[in-house]
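Peer 1: Please find one structure pasted underneath; my questions will follow.
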Amino acid sequence: MFSLESKVASVLKKHPYNISFRIRDNIVFLEGEVESHSEWVEIGLSVGRIKGVEGVVNKIRWKGSGREVEKEEWRRRVFEEKRSTVVGEYDVVIIGGGVVGAALARELSKYELKVALIEKSTDIAAGTTKANNGMIHAGVEPPRGTLKRRLNVKGNAMYGRLAEELGFRFNRVGSLWLITPRTLAAYRKYLPGPLYSLVLKHVLPLVVKIKGLINGVRGIRVLKGSRIFELEPFATRDAVAAVFIPSTGVVDPYEVAVALAENAEANGVEIHLATEAVGFIKENDAVKGVVTNKGVFLCRYVVNSAGLYADEVAALAGAEEYTIHPRKGVLLVFHRDTGVFTRHCLAEIILPQDPYTKGGGINPTVHGNVLWGPTAVEVPDKEDTSVSREEIELVLNKYSPIIPGFPSDRLIRFFAGVRAATFTEDFVIRPAKWVRNLLHVAGIQSPGLAASPAIAEYALEKLREMGLRLRPKAGFNPRRRPMVAAASMSLEELDEKTRMNPAWGRIVCTCEFVSEAEVLEAVRRGAKTLDAVKRRTRAGMGECQGSFCTLEIALILSRETGLPLNQLLKEEGRLFNGHVRGEHV
Amino acid sequence: MKDVAVVGGGPSGLAAAVRLAEKGFDVAVIEVMGELGGMLEQCIHDGFGTKVFGETLSGPEFAERFVKKAYSLGIQVFLNTYVKQVKAGGRVKEIVAVSPSGVQRLETRAIVYAIGCRERNGFEIRLGGTRPAGVYTAGMVQRLVNLYGVLPGRRILIMGGGDVGMIVARHLQLEGAESILIVFPEAGFAGLPRNVQQCVLDFGIPFKPRTVVKRVIGKERVEGVVLTRVDEKWNPIEGTEEFYACDTVILALGLVPYTGELKLGVRIDPATRGPEVNEFFETSVEGVFAVGNLVQVFDYVDDAVETACIAARGVEKYLNGGLKTSPVRLAPSGKVRMIVPQRVEWVDEENVVAFLRPAVEKSNARIELRSSGGKVLERFFRRYVRPSTLERIEVSRSVFSGQREVETDIADG
Ligand SMILES: Cc1cc2nc3c(=O)[nH]c(=O)nc-3n(C[C@H](O)[C@H](O)[C@H](O)COP(=O)(O)OP(=O)(O)OC[C@H]3O[C@@H](n4cnc5c(N)ncnc54)[C@H](O)[C@@H]3O)c2cc1C
Ligand SMILES: Cc1cc2nc3c(=O)[nH]c(=O)nc-3n(C[C@H](O)[C@H](O)[C@H](O)COP(=O)(O)OP(=O)(O)OC[C@H]3O[C@@H](n4cnc5c(N)ncnc54)[C@H](O)[C@@H]3O)c2cc1C
């Protein structure tokens with residue numbers, strides 16, 4: 001048996017740098033200096049892959065890496081200012097209002113507990129949760145033995161009921177993975193003559209099916225020939241076989257997170273937006289309070305579900321067990337009229353997987369649009385959601401063979417999200433090793449959205465093991481009143497609604513057919529910014545991308561919130577930044 | 001039942017409605033906004049109406065003339081009313097519209113669509129970088145400043161050297177913006193020389209030709225852009241990237257017909273991006289007409305209004321059972337990028353008014369109409385043509401007789 005030390009040492013020896021390390025409770029801390037960010041990633045990953053390593057804290061510096069001195073100072077300053085202003089006392093404080101934090105908040109709201117969810121942004125779901133494919137993966141992909149596999153398969157199964165209780169859109173569209181002559185082109189030389197098509201048609205589909213079965217995914221079928229095109233008429237005729245996975249679904253990810261948060265709130269959870277954890281008040285090895293820009297949240301337990309910032313939050317609490325290496329994904333959005341081209345989540349299997357587009361494909365959304373992507377690129381900056389022309393081209397070129405007739409000029413928008421990956425490349429859901437009452441729910445990369453209901457249950461179980469007492473709440477109401485949309489009403493319904501409330505008949509976003517009544521309802525439910533309204537109503541998500549309705553929505557927001565136009569926010573930044581005519585410049 | 005329903009209460013919709021009401025037809029106008037006037041309500045600069053009224057008016061003044069007329073003629077106006085569905089297959093057409101007083105159903109014998117255009121946005125040109133607050137289309141900025149007196153930001157970058165970009169630049173200069181820079185990929189401004197002088201040069205507003213925004217920078221709010229120079233084909237020239245600090249990016253990238261809002265299966269011309277029409281601006285669906293910027297984006301409101309007046313005659317013919325013959329295609333070729341109308345088919349005496357956009361820049365040019373055999377049927381001399389200026393020609397009816405297709409081209413004079 002080799003010790004962990006010697007394994008780490010031998011892995012590090014393969015890199016041409018002088019990297020020092022120390023290990024504490026199976027957490028490896030790396031230090032040293034390398035040339036580039038990509039080497040920083042690579043070394044971290046090679047250590048993270050070692051069996052027995054439970055976390056990599058990668059303090060290696062690369063040329064151009066810098067400490068965020070300003071942010072650290074800001075945190076220190078806020079900490080000093082606010083450390084003695086108490087907001088309240090809670091059993092559990094959840095840091096981070098993405099889909100994971102929201103799902104856990106709702107889970108905890110089933111019990112007699114005082115819970116606060118704090119989110120630094122102006123809205124729920126403003127982090128990675130707002131920028132992904134919205135796919136509820138079946139669970140075929142994650143490797144065996146990982147937590148993400150277990151929670152993915154379980155989470156997927158929970159979605160039907162959740163959607164029904166919380167009234168969010170969920171379509172189990174199924175996915176179709178195409179096998180074409182391109183699939184194994186890289187291995188062609190090892191598969192001469194008819195062997196190639198034999199492997200493509202018969203062996204590979206079976207391998208995929210078996211992998212799925214082992215993971216616990218049910219209903220997988222292998223399709224050949226015309227059966228493929230019966231299911232997906234526009235798919236490339238190159239497809240010789242396909243693997244059909246019926247349990248894959250799609251959701252609107254922010255709708256899910258908002259629904260969870262609204263239901264949690266209705267059941268007593270306090271939600272504090274624009275509230276950022278900047279430090280912790282500790283006594284010995286336990287957290288006593290979370291210090292934020294709003295004051296101190298005294299608490300018995302803390303959950304760290306801060307997404308991309310989970311490593312920093314953990315470090316602030318003295319629980320530094322992992323470093324997040326951000327991985328960006330670019331997605332393209334196509335107009336709703338392209339929805340006829342895809343019924344399922346479509347992908348073409350290409351082996352070996354291209355590391356920059358791994359796992360991507362074409363998928364419908366619950367609103368009938370089509371998404372292409374994502375890419376997978378390691379980026380130094382956690383908030384690098386930029387998209388370049390080259391990245392758009394990459395996605396277009398990569399996926400156009402899947403549906404050759406797709407009108408790709410109907411591209412209406414693009415965006416990027418950043419995955420919060422750790423170097424062990426699995427979810428980290430466990431009690432902190434050196435802080436008694438802190439639970440990590442970190443490294444929630446894809447399929448984090450699909451897994452989130454199961455993550456919440458699993459995290460609850462961990463909290464229980466850590467000593468949290470759970471007494472079911474008698475009045476828990478699992479249901480939430482869904483947002484109603486004019487776009488999904490019949491004309492008769494809309495007419496009736498309009499006669500009771502004329503705002504239903506005032507259409508503010510014509511591209512997506514959104515009425516003023518929906519905007520008002522979104523504001524009533526807590527949306528304060530343009531983007532928060534947009535996520536709840538879809539105003540501005542259509543063909544013109546808000547060039548008509550932005551001002552209309554801003555006027556409504558201004559009227560309802562009492563804020564003047566030039567103080568409204570888009571998300572975090574001022575929507576309009578200039579002076580008002582007649583006012584002193 | 002109405003004789004005509006006009007969808008869209010901008011200048012061209014109003015012009016059509018007024019003409020038709022004057023002819024004695026029972027007309028309704030349906031407008032989604034709370035007032036009539038369309039885009040003109042936001043254009044408080046003058047320069048409108050030189051052709052129609054023979055004087056230069058501001059946008060709202062121009063609109064006001066039509067609005068007054070419309071009400072005095074007793075035209076029924078539906079405001080805040082959005083057309084959701086149209087059934088136009090038969091002689092009797094049905095419009096389903098949504099308004100604060102409920103869902104309305106309107107039966108009509110003819111429909112004139114005049115829903116204008118929308119602005120091109122950053123996604124359509126694949127503007128790279130982040131997507132923070134502080135990126136706007138020019139029209140939104142005009143509305144914001146003119147109607148609500150709020151400036152979008154302080155340090156402004158304008159993308160686009162057309163008329164709209166220049167007009168917005170002057171506005172913001174007058175309103176006290178701290179800095180303004182205009183960039184565009186062409187070698188010179190694409191807009192009218194008058195605007196170059198009066199909006200840019202007279203105010204000393206800086207501009208950079210052959211320059212585009214490569215990337216927007218900023219997380220919450222725009223912090224600046226990376227500019228890059230481009231060659232004649234608009235390809236970025238490497239090594240010319242520079243950072244420009246600003247908090248606002250205004251996109252004046254041109255307009256496209258708002259066909260996304262056409263609720264019926266009319267044929268779209270990929271060149272104009274608007275519906276295909278005949279010489280009376282009737283679409284491929286009988287009795288459904290399309291006028292103004294919906295058909296193709298006009299440089300002058302006067303031209304948009306002329307299409308409405310022509311369509312009004314067409315509606316009249318349609319309602320009175322006028323006759324058609326087999327259509328003659330009017331096609332662009334070579335040096336002509338697009339032409340409206342795309343076909344000529346009514347039995348009529350009067351000349352056919354056509355609008356075409358040159359694909360080339362040329363002095364002493366001849367616009368030629370040719371038979372498919374190559375015979376020149378009619379020609380028009382122009383001292384100077386260029387892509388940014390739409391050409392209006394009046395073609396004699398006789399040109400089309402006996403033809404199946406007539407091609408337009410531009411030759412040396
Ligand atoms: C391009 C892309 C495509 C993807 N596609 C899919 C998919 O199809 N299916 C799927 O299942 N998964 C997908 N994922 C993964 C999925 O998006 C994530 O797993 C999921 O959103 C993670 O949710 P979260 O709540 O952990 O993180 P987040 O949504 O990032 O939430 C964390 C929150 O914590 C807040 N926060 C951070 N620091 C602090 C602080 N100090 N104080 C207070 N609040 C703080 C942040 O503002 C943020 O809102 C994709 C990811 C990407 C990037
Ligand atoms: C920024 C800017 C500056 C300009 N400057 C000049 C200038 O200096 N000189 C000049 O001559 N021209 C100028 N123009 C051009 C001129 O204004 C246009 O040619 C003219 O406005 C076109 O008129 P329209 O009626 O076709 O479209 P619009 O004015 O856009 O009118 C269309 C109307 O239809 C309504 N509508 C849309 N969809 C529906 C629906 N489904 N149901 C009901 N109603 C609907 C819209 O709300 C709108 O009121 C400028 C244009 C812009 C944008």
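The values are calculated or read from the model by the stated rules, or taken from the named source; none is laboratory data. Predicted model only: the values in this text are computed from it and were never measured. Here the Cβ is made from the backbone with ideal geometry for all residues, glycine too, and neighbour counts use every protein chain on show. Accessible surface is based on the protein model in full, side chains and every heavy atom, while ligands, DNA and RNA are left aside. Shrake-Rupley method; radii C 1.70, N 1.55, O 1.52, S 1.80 Å.
Peer 1: Helix B:163-174 sits at what angle to the longest principal axis of chain B, using alpha carbons and giving 0 to 90 degrees rounded to 10?
Peer 2: Orientation of helix B:163-174: about 50 degrees from the principal axis.
Peer 1: Between B:T50 and B:L79, what is the label-to-label distance in nm when each label sits 7 Å out along the Cα-to-Cβ direction?
Peer 2: It works out to 3.2 nm between the two label points.
Peer 1: Dividing the Cα radius of gyration by the Kirkwood radius, what Rg/Rh value follows for the range B:325-413?
Peer 2: 0.95
Peer 1: Using alpha carbons only, how many degrees (0 to 90, rounded to 10) separate the axis of helix B:11-22 from the longest principal axis of chain B?
Peer 2: It works out to around 20 degrees.
Peer 1: Sorted by mean Cβ packing within 10 Å, highest first, what order do the peptides B:404-411, A:243-250, B:229-236 take?
Peer 2: So the peptides B:404-411, A:243-250, B:229-236, ranked by packing, come out A:243-250, B:404-411, B:229-236.
Peer 1: Please identify, among B:A17, B:A308, B:A359, the residue showing maximal mean-square fluctuation in a Gaussian network model of chain B using a 10 angstrom Cα cutoff.
Peer 2: It is B:A359.
Peer 1: Next question. If you scale each eigenvalue of the Cα gyration tensor by 5 and take the root, what three semi-axes come out for chain B, rounded to whole angstrom and sorted largest first?
Peer 2: Numbers: eigenvalues 271, 156, 68 Å².
Over the Cα atoms of chain B, the semi-axes work out to 37, 28, 18 Å.
Peer 1: May I pose another question? Along each of the three principal axes of the Cα atoms of chain A, give the extent in whole Å, ordering the values from largest to smallest.
Peer 2: Sorted largest first, the three principal extents are 76, 67, 56 Å.
Peer 1: Taking the Cα centre of the range B:68-135 as origin and charging only Cβ (+1 Lys, Arg; -1 Asp, Glu), how large is the dipole, in debye to the nearest 20?
Peer 2: The dipole of the range B:68-135 has a size of about 140 debye.
Peer 1: Chains B and A: buried accessible surface, both sides, probe 1.4 Å, rounded to 100 Å²? If you can, show how the numbers build up before the last one.
Peer 2: Working: alone 18410 and 26320 Å², together 40210 Å².
For B against A, buried area totals roughly 4500 Å².
Peer 1: Using a cut-off of 30 Å between alpha-carbon atoms, which lysines can reach B:K375, once sequence neighbours fewer than 8 places away in the same chain are excluded?
Peer 2: Result set, ordered by chain and number: B:K324, B:K335, B:K362.
Peer 1: First obtain the Kirkwood hydrodynamic radius of the protein assembly as shown from its Cα pairs, then insert it into the Stokes-Einstein equation at 20 °C and 1.002 mPa s, and state the resulting D in µm² per second as a whole number. Intermediate results must be reported in sequence, preceding the final value.
Peer 2: Numbers: Rh = 31.2 Å.
Approximately 69 µm²/s, per Stokes-Einstein.
Peer 1: Averaged over its residues, how many other protein chain Cβ atoms are within 10 Å of peptide B:89-100's Cβ atoms?
Peer 2: Whole-number average of other-chain Cβ neighbours for B:89-100 is 3.
Peer 1: Looking at the range B:1-101, which trypsin sites (Lys or Arg not before Pro) are DSSP coil and have at most 10 other C-beta atoms within 10 Å of their C-beta?
Peer 2: When the trypsin sites (Lys or Arg not before Pro) of the range B:1-101 are filtered for loop state and at most 10 Cβ neighbours within 10 Å, B:R91 remain.
Peer 1: Normalised by the residues of chain B, what does the relative contact order come to in percent, with Cα pairs under 8 Å and at least six apart?
Peer 2: Working: 1004 pairs, mean separation 56.6, N = 413.
Normalised by residue count, the contact order of chain B is 14 percent.
Peer 1: Provide the convex hull volume over Cα atoms per residue for the range A:4-62, in Å³.
Peer 2: Considering the Cα atoms of the range A:4-62, their hull volume per residue is 64 Å³.
Peer 1: Between A:L470 and A:D25, what FRET efficiency follows from the Cβ-Cβ distance if R0 is 25 Å, with the result rounded to 0.05?
Peer 2: On the way: r = 28 Å, r/R0 = 1.11.
The pair A:L470/A:D25 has a calculated efficiency of 0.35.
Peer 1: Convex hull over the alpha-carbon atoms of the range B:121-253: what's its volume per residue in Å³?
Peer 2: Convex hull of Cα atoms, per residue: 97 Å³.
Peer 1: Rolling a 1.4 Å sphere over the protein heavy atoms, what is the accessible area per residue of the range A:486-567, to the nearest Å²? Don't skip to the end; give the middle numbers.
Peer 2: Values: 3050 Å² over 82 residues.
On a per-residue basis, 37 Å².
Peer 1: Nearest 10 degrees is fine. How inclined is helix B:138-148 to the longest principal axis of chain B, computing both from alpha carbons?
Peer 2: 90
Peer 1: Using alpha carbons only, how many angstrom separate the centre of the range B:345-377 from the centre of the range A:410-475?
Peer 2: About 68 Å separates the Cα centre of the range B:345-377 from the one of the range A:410-475.
Peer 1: Here's another thing I want to ask about it. Under a 10 Å cutoff between Cα atoms, tell me which one of B:A169, B:A133, B:A28 has the largest fluctuation in the Gaussian network model of chain B.
Peer 2: The residue that fluctuates most here is B:A133.
Peer 1: Taking the Cα centre of the range B:121-253 as the origin, how large is its charge dipole in debye, to the nearest 20, when only Lys and Arg (+1) and Asp and Glu (-1) carry charge on their Cβ atoms?
Peer 2: Dipole about the Cα centre, nearest 20: 200 debye.
Peer 1: Then there's this: For A:I214 and A:R61, calculate 0.36 nm times their separation in residues minus their Cα-Cα distance, and state this gained length in nm to one decimal.
Peer 2: Contour length minus Cα-Cα distance gives 51.0 nm.
Peer 1: Let me ask something else about it. Name every cysteine in the protein assembly as shown that ends up alone, with no second cysteine's Cβ under 4.7 Å, or say none.
Peer 2: That list is A:C299, A:C345, A:C511, A:C544, B:C43, B:C117, B:C199, B:C246, B:C309.
Peer 1: I would also like to ask the following. Which residue, chosen from A:V395, B:G314, A:G155, occupies the Cα position most advanced towards the positive end of the dipole of the protein assembly as shown, where the dipole is computed from +1 (Lys, Arg) and -1 (Asp, Glu) charges on Cβ about the Cα centre?
Peer 2: Farthest along the dipole direction, towards plus: A:G155.
Peer 1: Over 20 Å between Cα atoms: which of A:K71/A:K130; A:K120/A:K148; A:K130/B:K219; A:K71/A:K382 fall into that group? Mind showing how you got there, number by number?
Peer 2: Working: A:K71/A:K130 24 Å; A:K120/A:K148 26 Å; A:K130/B:K219 15 Å; A:K71/A:K382 14 Å.
In this structure, A:K71/A:K130; A:K120/A:K148 lie more than 20 Å apart at Cα.
Peer 1: Quick one: putting +1 on the C-beta of Lys and Arg, -1 on the C-beta of Asp and Glu, what dipole do you get for chain B around its Cα centre, in Debye to the nearest 20?
Peer 2: In total the dipole reaches around 700 debye.
Peer 1: Please list, or write none, the lysines whose alpha carbon is within less than 28 Å of the alpha carbon of A:K224, excluding same-chain residues fewer than 8 places away.
Peer 2: A:K189, A:K201, A:K209, A:K211, A:K358, A:K398
Peer 1: In peptide B:135-141, how many Cβ atoms from other protein chains are near each Cβ within 10 Å, on average?
Peer 2: Per-residue shielding by partner chains comes out at 4.
Peer 1: Give the calculated FRET efficiency between B:E178 and B:D412 to the nearest 0.05, with a Förster radius of 41 Å applied to their Cβ-Cβ distance.
Peer 2: Numbers: r = 49 Å, r/R0 = 1.19.
Efficiency at R0 = 41 Å is approximately 0.25.
Peer 1: If you don't mind, there's one more thing I want to ask. Count charges around A:R471 for me, please; just the other residues with Cβ under 12 Å from its Cβ, Lys/Arg as +1, Asp/Glu as -1.
Peer 2: Taking every Cβ under 12 Å from that of A:R471, the sum is +2.
Peer 1: Would you give the gap between the C-alpha center of the range A:73-109 and the C-alpha center of the range A:172-251, rounded to a whole Å?
Peer 2: Taking the Cα centre of each part, the range A:73-109 and the range A:172-251 sit 46 Å apart.
Peer 1: Pick from B:Q198, B:Q142, B:Q85: which residue has the top mean-square fluctuation in a GNM of chain B where Cα pairs under 10 Å get a spring?
Peer 2: B:Q198
Peer 1: Counting only protein chains, not ligands or nucleic acids, how are B:Y384, B:Y300 ordered by accessible area (probe 1.4 Å), most first?
Peer 2: Numbers: B:Y384 110, B:Y300 65 Å².
In descending accessible area the options line up as B:Y384, B:Y300.
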